[in-house]
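Quick notes on the structure that follows.
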Amino acid sequence: MKKKSLLIKNLGMGLTFLSLAACSSDECAECHVTTEINGTEYELVELGEYCEDDLHDIEDGGYTIQDTLFLDAEGDSLPSPVIPGAANEVHCGEEHDH
């Protein structure tokens, strides 16, 4: 009887662990906007964290610059301003694949 209750207890704990692991496996990543000026890539805007469908949407759909930017995300001057509609890319996470 003890073996059966121990087996049920262990099985319950295992199922709990698996369900918690599945909940925490959401695909999320920090994202930022970059542009290339004279062959050098500059980070323009930090976008924050995106998860699941929102993550894929921001990577695939991109991000439109609304104002002319004279500084990068760290506050350093850009070699030339980035104007609204300029070509840019959204990058998310260190190892995330679009």
Search segment 56-72 for residues being modelled with pLDDT under 95 and of a type outside the set (D, E, K, R), and hand back the single one that is farthest from C92 (Cα to Cα). Q66
Residues (crowded, with 16+ Cβ neighbours inside 10 Å and either touching a residue at least 60 places away in the same chain (Cβ under 8 Å) or among the acidic types (D, E) (or both)) located in segment 51-92: E59, D72, H91, C92
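The values are calculated or read from the model by the stated rules, or taken from the named source; none is laboratory data. Keep in mind that this is a model prediction, so the values were computed, not measured. All Cβ positions, glycine included, derive from the backbone under ideal geometry; neighbour counts span all protein chains shown.
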